[in-house]
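Participant: Handing you a structure now.
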Amino acid sequence: MDKNYFANDTIVASATGLNVRSAIGVLRVSGPMALTDAGKYVRLKSKNARANLETRNFDSIRTRYLYRCDVLSRDNAIIDDGLVAFFPAPNSYSGEDMVEVHLHGNPLIQREVIDSIVHNTGARPAERGEFSFRAFRNGKLDLSQVEAVEALISAETSLGLEAAVKSLSGAVKRFIDPIQEDLKNLIASLELELDFSDQDVEVLDWSLFEKKLQSVQGRLRAAVVQFDSIRPAMNGVTVSFVGRPNAGKSTLFNVLVGEERSIVSQIEGTTRDVIREQIYLDGLLLRLSDTAGMRDTSDVIESEGVKRSLEEIKDSELVLVVIDSGEAGRTSASAPLLALIKEVSERAGERKLIFVFNKIDNGDALVIKEFISNHDLVSNSVIVSSTTGQGLLELQEKIKSEFVASDLLQISPEIFCQRQREALVQAMGRLSIVSDNIQTGIQEMDLLAIDIRSAMVAISELSGSIDSEAILEHIFSNFCIGK
Ligand SMILES: Nc1nc2c(ncn2[C@@H]2O[C@H](COP(=O)(O)OP(=O)(O)OP(=O)(O)O)[C@@H](O)[C@H]2O)c(=O)[nH]1
Ligand SMILES: [Mg+2]
């Protein structure tokens, strides 16, 4: 992580972004000199307040109140008529002294004012997510809440937003605190047993111990299962279209997207670059990618397309294997088709697969149904025609049912992102070592305690500590400047 993050200086950035013109643009300044230096770039319109700011008489300035002000350029010329608010520590987002300047939302104005602040006060432009990092460092937010801030800004579904708000309110901590407490008690009971180990009394009730351990394991498992079932609806699903050239991948892609996004032609090898588009299927976000048809080809560009198409499978959660029903119906053509089905299935591994038998308007449904049952594809095949629309509803329903549990509304997740899931899975691994050891009669207290402690460390990563640099790096690299 950049050493800037750990400095105790004053930082400035646009909170609303420098890439859009909008009604207003807001700059934030945070750090020890934020309040004291504010008079160097804003001149309050109210005479009294202006004098107070100039003499740094902050006791007489209203906090968290919007003052009308002139905003000054680096040469003290007025460059905007704006508003400014003062947030003394610790009652600010970052927990430090903060100033917010509301400007007209022209990026040029914002850039000039940032330049003025940097030049005239010695503040430096903030790193990604540095305001949130400071909030974390000052104990205003724990790591799961920092992630919630990021999620709140970047969520693309209403479920994602709901989850982010819940997480921001401290839901993760409310979930893990009792678990940590229970684990601590388990360690304490092991230590007590250890203290009495030279005597012939057994103070530890093993069956109770195991019951408590299982209760923790059950809660962790449930949290992971809940997260897994709600995650697609929360974050969306990546879907790739693969198949042999001319199977109608691009046509199907366009129909689902609702516009002629991808070029369609009867020439084999039309699509080369991966074409991406997002759609919502009753609220389920799908990130679709249309790819090049897969075949052996001597065309350099096309074979690059084929390579990308194969890579795309790796990044997908759902692979739609588009098959020309006419081709599937011809016995002579089945060898390359079967080879493709085999290759894609192998590459897809654990990913979900749906075989879409397209162009049924040109094929024989009975023959296709036979093909499907002969090749054991009944549970994940759909017969469609992208041109007549036949079977498309069924395909959409099938996609939804792969990802959206019917009782979704009842699911209230305890964890909210992959990183948190990984930490819980790690903790679960440690705790299952403990239960395995007890089951096999290895009742060495220190050994058991070590694994429980490791589980606690893994769980504590959910709320995080300032020492876990790799984790911080991972989280803050996703942030934008000014957050
Ligand atoms: N009759 C019929 N023709 C279709 C259907 N879907 C696609 N086609 C036609 O099949 C041809 C190939 O369609 P594309 O969508 O370009 O096929 P593709 O799989 O993307 O092909 P590549 O990009 O070359 O790999 C075009 O002429 C489409 O009009 C369908 O359901 N029925
Ligand atoms: Mg195509």
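The values are calculated or read from the model by the stated rules, or taken from the named source; none is laboratory data. No experiment lies behind these values; they were computed from the predicted model shown. Here Cβ is always computed from backbone atoms with ideal geometry, including for glycine, and neighbour counts include all displayed protein chains.
Participant: Got a sec? Which of ASP9, ASP37 is in contact (Cβ under 8 Å) with a residue 60 or more places away in the chain, more than 30 Å from GLU469 (Cβ to Cβ) and over 29 Å from the mean Cα position of the chain (by Cα)?
Facilitator: ASP37 is the lone residue from the list that is in contact (Cβ under 8 Å) with a residue 60 or more places away in the chain, more than 30 Å from GLU469 (Cβ to Cβ) and over 29 Å from the mean Cα position of the chain (by Cα).
Participant: Right, next: Which condition number does MET294 fail, the rest of (1) more than 22 Å from SER325 (Cα to Cα); (2) touching a helix residue (DSSP H, G or I) at 6+ places or on another chain (Cβ under 9 Å); (3) in the same structural domain as ILE341 (by TED's automatic domain parsing) being met?
Facilitator: (1)
Participant: Now, a different point. Among the listed residues SER463, SER432, SER468, SER477, identify the single one that is more than 30 Å from GLY17 (Cβ to Cβ) and not acidic (Asp, Glu).
Facilitator: From the options SER463, SER432, SER468, SER477, the qualifying one is SER432.
Participant: Can I ask one more? If you take just the helices (runs of 4 or more DSSP H) that sit entirely in the range 279-375, which of them hold at least 1 residues that are away from ligand 1 (no atom under 16 Å from the Cβ)?
Facilitator: 300-314, 334-348, 365-374
Participant: Take the conditions at pLDDT below 95 and either surrounded by fewer than 18 Cβ atoms within 10 Å (Cβ to Cβ) or among the aliphatic types (A, V, I, L, M) (or both) and apply them to GLU268. Does it pass?
Facilitator: yes
This table checks each residue for (1) modelled with pLDDT under 80; (2) under 30 Å from CYS417 (Cβ atoms).
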position: ALA164; (1), (2): no, yes
position: SER167; (1), (2): no, yes
position: VAL172; (1), (2): no, yes
position: ILE176; (1), (2): no, yes
position: LEU183; (1), (2): no, yes
position: ILE187; (1), (2): no, yes
position: ASP200; (1), (2): yes, no
position: VAL203; (1), (2): yes, no
position: TRP206; (1), (2): no, no
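Participant: If you don't mind, there's one more thing I want to ask. Out of (1) more than 30 Å from ILE459 (Cα to Cα); (2) away from ligand 1 (no atom under 14 Å from the Cβ), what's the single condition that is false for GLN226?
Facilitator: (1)
Participant: Select from the range 277-291 the residues that are in contact with a Leu (Cβ under 9 Å, 6 or more places away or on another chain) and under 20 Å from VAL321 (Cβ atoms) and list them in ascending order.
Facilitator: Answer for the range 277-291, where residues must be in contact with a Leu (Cβ under 9 Å, 6 or more places away or on another chain) and under 20 Å from VAL321 (Cβ atoms): GLU277, ILE279, LEU281, LEU286, LEU288, ASP290, THR291.
Participant: Looking only at residues that are away from ligand 1 (no atom under 11 Å from the Cβ) and not in a helix (DSSP H, G or I) in the range 230-243, which one is nearest to PHE416 (Cα to Cα)?
Facilitator: Among those residues, the one meeting the criterion is GLY236.
Participant: Moving to a separate point now. State whether the residues of the range 113-130 include one that is surrounded by 24 or more Cβ atoms within 10 Å (Cβ to Cβ), of a type outside the set (Asp, Glu) and touching a Cys at 6+ places or on another chain (Cβ under 8 Å).
Facilitator: Yes: the range 113-130 contains one or more residues that are surrounded by 24 or more Cβ atoms within 10 Å (Cβ to Cβ), of a type outside the set (Asp, Glu) and touching a Cys at 6+ places or on another chain (Cβ under 8 Å).
Participant: Among helices (runs of 4 or more DSSP H) lying entirely in the range 110-200, which contain 1 or more residues that are in contact with a Lys or Arg (Cβ under 7 Å, 6 or more places away or on another chain), within 30 Å of LYS40 (Cα to Cα) and not aliphatic (A, V, I, L, M)?
Facilitator: By residue number, 130-137.
Participant: Restricting to the range 372-405, name every residue that is hydrophobic (A, V, I, L, M, F, W, C) and without any contact (Cβ under 8 Å) to a residue 40 or more places away in the chain.
Facilitator: ILE372, LEU377, VAL378, VAL382, LEU393, listed by residue number.
Participant: Here is a follow-up. Just checking: which of the strands (runs of 3 or more DSSP E) contained wholly in the range 8-84 hold 1 or more residues that are over 18 Å from MET98 (Cα atoms) and in contact with a Gly (Cβ under 9 Å, 6 or more places away or on another chain)?
Facilitator: 22-30, 67-72
Participant: Moving on. Looking at the range 244-261, can you tell me whether even one residue there is away from ligand 2 (no atom under 16 Å from the Cβ), part of a helix (DSSP H, G or I) and surrounded by 12 or more Cβ atoms within 10 Å (Cβ to Cβ)?
Facilitator: No: the range 244-261 contains no residue that is away from ligand 2 (no atom under 16 Å from the Cβ), part of a helix (DSSP H, G or I) and surrounded by 12 or more Cβ atoms within 10 Å (Cβ to Cβ).
Participant: Let me ask something else about it. Just checking, does the range 435-444 include any residue being more than 30 Å from VAL146 (Cβ to Cβ), within 16 Å of ligand 2 (Cβ to nearest atom) and not aliphatic (A, V, I, L, M)?
Facilitator: no
Participant: Let me ask you something else. Quick one: LYS359 ticks every box in (1) loosely packed, with under 14 Cβ neighbours inside 10 Å; (2) among the charged types (D, E, K, R); (3) in contact with a strand residue (DSSP E or B) (Cβ under 9 Å, 6 or more places away or on another chain) bar one, so which box is it?
Facilitator: (1)
Here is a yes/no grid of residues against (1) among the polar types (S, T, N, Q); (2) assigned by TED's automatic domain parsing to the domain that holds GLY258; (3) closer than 30 Å to LEU320 by Cβ; (4) within 16 Å of ligand 1 (Cβ to nearest atom):
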| position | (1), (2), (3), (4) |
| --- | --- |
| LEU392 | no, no, yes, yes |
| GLN396 | yes, no, yes, yes |
| ALA405 | no, no, yes, no |
| ARG419 | no, no, yes, no |
| GLY429 | no, no, no, no |
| ILE433 | no, no, no, no |
| THR440 | yes, no, no, no |
| ALA455 | no, no, no, no |
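Participant: Identify all residues within the range 308-340 that are among the aliphatic types (A, V, I, L, M) and at pLDDT below 90; write none if there are none.
Facilitator: Matches in the range 308-340: LEU310, ALA328, ALA333, ALA335, LEU337, LEU338, ALA339, LEU340.
Participant: Could you tell me which numbered condition LEU281 fails, if it satisfies all but one of (1) of a type in the set (A, V, I, L, M); (2) in contact with a strand residue (DSSP E or B) (Cβ under 7 Å, 6 or more places away or on another chain); (3) closer than 24 Å to GLY160 by Cβ?
Facilitator: (2)
Participant: I would also like to ask the following. Mind checking whether some residue in the range 269-281 is away from ligand 2 (no atom under 12 Å from the Cβ) and under 23 Å from ALA339 (Cα atoms)?
Facilitator: Scanning the range 269-281, I find no residue that is away from ligand 2 (no atom under 12 Å from the Cβ) and under 23 Å from ALA339 (Cα atoms), so the answer is no.
Participant: Just checking: which of the helices (runs of 4 or more DSSP H) contained wholly in the range 378-483 hold 2 or more residues that are in contact with a strand residue (DSSP E or B) (Cβ under 9 Å, 6 or more places away or on another chain)?
Facilitator: In the range 378-483, the matching helices (runs of 4 or more DSSP H) lie at 392-403.
Participant: Here's another thing I want to ask about it. For the range 318-325, state whether one or more residues are assigned by TED's automatic domain parsing to the domain that holds ILE360, surrounded by 17 or more Cβ atoms within 10 Å (Cβ to Cβ), more than 15 Å from ligand 2 (Cβ to nearest atom) and farther than 24 Å from SER229 by Cα.
Facilitator: yes
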